[in-house]
Amino acid sequence: MNKTVNQKAWFLVLPVLVLVAFNAIVPLITVVNYSVQETFGNNVFFWSGITWFEDVLRSPRFHASLGRQLTFTFTILAIEVPLGVLIALAMPRKGIWVSVCLVLMAMPLLIPWNVVGAMWNIFALPEIGLLGKTLNAMGFDYNYTRQPGDAWFTLILMDVWHWTSLVVLLAYAGLVSIPDAYYQAAKIDGASSWAIFRYIQLPKMKRVLTIAILLRFMDSFNIYTEPSVLTGGGPGNSTTLLSIDLVKIALGQFDLGPAAAMSLIYFLVILLLSWIFYTVMTRDEANQ
Amino acid sequence: MARITLSGLRHSYMPNPAKDADWALKQLDLDWTDGGAYALLGPSGCGKTTLLNIISGLLVPSHGQILFDGQDVTPLPPEQRHIAQVFQFPVVYDTMTVYDNLAFPLRNRGVPESEVDSRVTEIAGMTDLTAMLQKRAAGLTADGKQKISLGRGLVRTDVNAILFDEPLTVIDPHLKFQLRSKLKELHQRVKRTMIYVTHDQTEALTFADRVVVMNVGEVVQIGTPEELFEEPQHTFVGHFIGSPGMNVLPCQIEGGQAVFAGQRVQTSNKAAAGAELNQVGVRPEHVRFATSGLDARVVRVSDAGRFNIVEAECGGHSLKLLVKEGESIPSETTKLEFIPEKTRIYQDGWLAGRRSAA
């Protein structure tokens with residue numbers, strides 16, 4: 001076999017490289033640059049090493065935000081994934097209702113994020129919002145602008161409403177790709193509905209669920225718009241998630257160094273957790 | 001194990017079938033004895049799979065009954081019919097080992113683990129899966145997976161019949177023969193009723209003791225492979241079975257005898273009056289060159305190994321004959337003779353003066 005060696009082809013990759021450089025690499029390096037420098041204004045910078053990183057990692061404020069972020073992410077994952085699978089299982093596989101269900105499911109995903117936040121902000125207002133007023137009329141003392149518990153409840157409800165559809169659509173795609181013969185064979189083998197779920201549906205959905213979990217993990221860990229519009233991090237700091245805290249430090253206090261260090265730590269946490277998720281969920285396939 | 005009887009079975013996928021064509025199965029009355037090896041043979045869309053799904057209980061027929069040992073099982077779901085089925089595309093439970101796959105039907109029925117183990121070990125031995133028992137089923141090749149499907153049917157002791165729905169479709173050609181022989185061997189060992197659906201005549205004829213030939217929703221003939229070849233009851237059977245298929249030539253009827261291309265043709269049966277379509281059927285094996293008979297012209301000769309397939313033109317119609325390798329083939333014009341006892345008259349498709357289809 002004679003292979004033509006021609007390194008000139010690399011030039012064809014250049015446009016992409018330039019594009020990626022401007023929208024990802026350059027901003028990232030800028031952040032790295034800020035994270036190791038100190039400034040007292042006038043655009044004068046001094047080398048400060050890893051002090052910002054040490055500060056952020058020791059800061060109780062960062063620990064608290066990270067804790068809230070993890071709580072939020074794992075709560076919505078624990079609700080959205082099982083709920084999404086349940087809804088997908090309940091959806092019809094044939095007939096005209098399929099498209100109706102799919103459109104209904106896709107609806108929340110089509111709404112701009114800040115609109116979702118604004119919608120829920122009004123929807124949940126205790127005096128005039130449909131949800132807030134109903135809850136209070138039913139005798140609950142509900143006020144998400146004052147009580148941290150209520151704020152969390154509303155935040156999680158909003159995210160579940162907004163994003164469960166994504167899990168549903170992915171899980172449904174996995175379900176409809178299972179050939180009828182599997183169900184027929186399971187019937188003949190006398191399998192119970194649980195056994196059908198456990199040994200046919202779940203394994204066939206595994207790949208798409210892996211994707212769903214990863215997407216929901218990364219998105220919810222990055223979430224900014226909706227909680228910022230809904231609660232703005234309050235009451236107090238009770239719903240200040242990592243991204244909201246980061247914006248407060250970077251743009252509110254204009255502490256570029258600590259904010260940059262925090263961004264990088266934030267980024268590495270997502271990268272690390274995503275890697276762990278992926279490795280754990282695909283471990284079985286690697287073993288084969 | 002059971003005798004399977006289908007009585008007055010009809011099925012349509014439409015809610016209100018009106019036309020003849022609306023019926024996927026037109027009218028079926030069949031009786032299958034216990035422990036036999038049967039094949040359902042027919043072209044795609046002839047209703048074989050519909051029939052199979054009705055027997056296994058995945059489909060409830062619009063009319064008629066299915067009886068196992070004289071007992072009506074028509075309304076019963078598959079799991080209560082004690083049926084096993086092997087599908088066209090291999091179905092294995094991916095996350096389980098081969099062992100757990102084979103044990104699955106037994107465990108679902110609450111069989112004690114000690115018995116599960118002895119059954120699985122025995123069946124794995126029969127299906128050559130012993131070496132792979134601890135492997136993940138997902139990692140096996142297509143023929144290995146089909147063996148698992150088959151094994152899941154064999155492992156149960158309560159199985160009335162094992163149904164095969166074109167099980168060799170996805171198997172490599174060189175393994176098809178092996179797996180087919182394995183099936184035949186297993187049938188002789190376990191003596192269960194096996195029903196094998198296929199559109200491949202070789203598969204049907206080598207596997208089954210009796211073959212049911214179907215066409216557009218009805219059974220055209222039931223018989224041993226030899227009967228189907230020697231005495232086709234319908235031009236469809238003659239054409240579908242055998243390679244090349246039977247020559248079916250239009251003819252006139254004069255005094256109960258066939259006249260083809262202006263000449264009287266000796267046949268083994270007599271025609272009745274009043275048919276719309278009269279044909280003479282003769283297999284290529286039963287046509288030979290002669291010194292007197294029908295005028296014909298050799299059009300083409302193709303070599304099929306030990307035989308030459310000769311295509312000839314006779315009275316404006318094309319017909320084929322098989323000539324052993326080495327025998328001389330006249331060029332251009334010649335005369336042809338049909339062997340009278342192997343030549344038959346068909347009226348409206350059916351053998352003239354035939355017995356009933358069953």
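If you take each beta carbon of peptide B:104-110 and count the beta carbons of other chains within 10 angstrom, what is the mean?
4
Could you give me the ³J(HN,Hα) list for the stretch A:185-199, computed from phi with Karplus coefficients 6.51, -1.76, 1.60 and θ = phi - 60°, whole Hz, x at Gly and Pro?
For the stretch A:185-199, the Karplus curve yields 4, 5, 4, 5, 6, x, 6, 6, 4, 5, 5, 4, 5, 5, 9 Hz.
Averaged over all directions, how much area does the convex hull of the C-alpha atoms of the stretch A:42-95 cover when projected, in nm²?
8.1
Compute, for the stretch B:244-351, the length of the dipole vector about the Cα centre, with Cβ point charges of +1 (Lys, Arg) and -1 (Asp, Glu) only. Units Debye, rounded to 20.
The dipole magnitude comes to about 180 debye.
Can you spot the aspartates and glutamates whose alpha carbon is less than 17 Å from A:Lys133's alpha carbon? Ignore those fewer than 8 places along the same chain.
A:Asp141, A:Asp150
Any chance you could tell me what percent of the C-alpha pair distances in the stretch B:104-190 go past 21 Å?
Tail of P(r) above 21 Å: 30 percent of Cα pairs.
Excluding residues fewer than 8 places away in the same chain, name every one of the aspartates and glutamates whose C-alpha is closer than 16 Å to that of B:Lys145.
Cα-Cα hits under 16 Å: A:Asp189, B:Asp94, B:Asp100, B:Asp128, B:Asp165, B:Glu166, B:Asp172.
With a point put 7 Å past each Cα toward its Cβ, work out how far A:Ala118 is from B:Val190 in nm, to one decimal.
6.7
With 10 Å bins from zero, work out the P(r) of the stretch A:33-185 over every alpha carbon pair and list the percent per bin.
In order of increasing distance, the bins hold 9, 23, 24, 20, 15, 7, 2, 0 percent.
What net charge do the residues around B:Ser114 carry, taking every other residue with its C-beta under 14 Å from that of B:Ser114, with Lys and Arg at +1 and Asp and Glu at -1?
-2
Along the charge dipole of the protein assembly as shown, which of B:Gln347, B:Ala275, B:Thr169 sits closest to the positive end, that is, farthest toward it, with unit charges on the beta carbon of Lys, Arg, Asp and Glu (+1, +1, -1, -1)?
So the residue we want is B:Thr169.
Once the mean 1/r over all distinct Cα pairs of the protein assembly as shown is inverted, what Kirkwood radius in angstroms do you read off?
31.6
When you look at the Cβ of every residue in B:126-139, what mean number of other chain Cβ atoms sits within 10 Å?
Mean inter-chain Cβ contacts per residue within 10 Å come to 1.
If the cut-off is a Cα-Cα distance under 23 Å, which lysines reach B:Lys320, setting aside same-chain residues fewer than 8 apart in sequence?
B:Lys335, B:Lys342
Which percent of the accessible heavy-atom area of chain A goes to carbon and sulfur, probe 1.4 angstrom?
70
When only alpha-carbon atoms count, how far does the stretch A:1-41 stretch along each of its three principal axes, as whole angstroms with the largest first?
In descending order, the Cα extents are 63, 17, 11 Å.
Considering only C-alpha atoms, what is the centroid distance from the stretch B:57-90 to the stretch B:293-314, in Å?
48
In square nanometres, what is the average projected area of the Cα convex hull of the stretch B:222-271?
Seen from a random direction, the Cα hull of the stretch B:222-271 projects 3.9 nm² on average.
Residue by residue through B:90-99, how many Cβ atoms from other chains fall within 10 Å of the Cβ on average?
If you average over the peptide's residues, the count of other-chain Cβ atoms is 4.
Give me D for the stretch B:12-67 in µm² s⁻¹, whole number, from Stokes-Einstein with Rh from the Kirkwood sum over alpha-carbon pairs, 20 °C and 1.002 mPa s.
For the chosen part, D equals 170 µm²/s.
Cα centroid distance between the stretch B:203-272 and the stretch B:121-181, in Å?
With the stretch B:203-272 and the stretch B:121-181 each reduced to a Cα centre, they are spaced 36 Å.
Taking the Cα atoms of the stretch A:1-104, what is the range of coordinates along each of the three principal axes, in descending order and whole Å?
That works out to 66, 62, 32 Å along the principal axes.
Please list log₁₀ I(q)/I(0) at q = 0.07, 0.12, 0.13 Å⁻¹ for chain A, using the Debye equation with identical point scatterers on the alpha-carbon positions.
With one equal scatterer per Cα and no solvent, log10 I(q)/I(0) is -0.39, -0.98, -1.07.
Summarise the accessible area of the stretch B:4-230 (1.4 Å probe, protein heavy atoms) by the percent that is carbon and sulfur.
It is 52 percent, rounded to a whole number.
Probe radius 1.4 Å, ligands and nucleic acids ignored: give me the carbon and sulfur share of the accessible area of the stretch B:270-344 as a rounded percent.
Answer for the stretch B:270-344: carbon and sulfur cover 46 percent of the accessible area.
What does the buried accessible surface come to for B and A, summed over both chains, with the probe at 1.4 Å? Round to 100 Å².
Protein heavy atoms only, the B-A interface buries about 1700 Å².
GNM on chain A, C-alpha springs below 10 Å: top fluctuator among A:Thr231, A:Thr75, A:Thr30?
Residue with maximal mean-square fluctuation among A:Thr231, A:Thr75, A:Thr30: A:Thr30.
Please give the calculated 222 nm ellipticity per residue for the protein assembly as shown, where each DSSP H segment of at least 4 residues contributes -39500 (n - 2.57) and the sum is spread over every residue; nearest 500 deg cm²/dmol?
For the protein assembly as shown, the value works out to -13500 deg cm²/dmol.
Over the alpha-carbon set of the stretch B:1-150, divide Rg by the Kirkwood Rh and report the Rg/Rh ratio to two decimals.
1.04
Quote the charge dipole size of the protein assembly as shown about the Cα centre in Debye, to the nearest 20; the model charges only the Cβ of Lys and Arg (+1) and of Asp and Glu (-1).
Charge dipole of the protein assembly as shown: 300 debye, to the nearest 20.
Can you give the Kirkwood hydrodynamic radius for the stretch B:244-351, in Å, rounded to one decimal and based on Cα pairs?
One decimal place: 14.1 Å for the Kirkwood radius.
Rounded to whole Å and sorted largest first, list the principal axis extents of the Cα atoms in chain B.
On the principal axes, chain B reaches 76, 49, 30 Å in Cα extent.
Using a 1.4 angstrom probe on the protein heavy atoms only, could you order A:Tyr142, A:Tyr224 from most to least accessible area?
From most accessible down to least: A:Tyr224, A:Tyr142.
How big is the Rg/Rh ratio for the stretch B:81-130, C-alpha atoms only, Rh by Kirkwood, two decimals?
Radius of gyration relative to Kirkwood radius: 0.96.
Please report the orientation-averaged projected area of the stretch B:139-255, defined via the convex hull of its C-alpha atoms, in nm².
9.8
Calculate, for A:Arg58 and A:Leu89, the FRET efficiency according to 1/(1 + (r/R0)^6) with r their C-beta to C-beta distance and R0 56 Å; round to the nearest 0.05.
Working from the Cβ atoms, E equals 0.75.
The values are calculated or read from the model by the stated rules, or taken from the named source; none is laboratory data. This structure is a prediction, so every number in the text was calculated from the model and none was measured. As a convention, Cβ positions derive from the backbone with ideal geometry for all residues, glycine included, and neighbour counts pool all protein chains shown. Quick note on the areas: whole protein, heavy atoms, side chains included, nothing else; ligands and nucleic acids left out. Shrake-Rupley method; radii C 1.70, N 1.55, O 1.52, S 1.80 Å.
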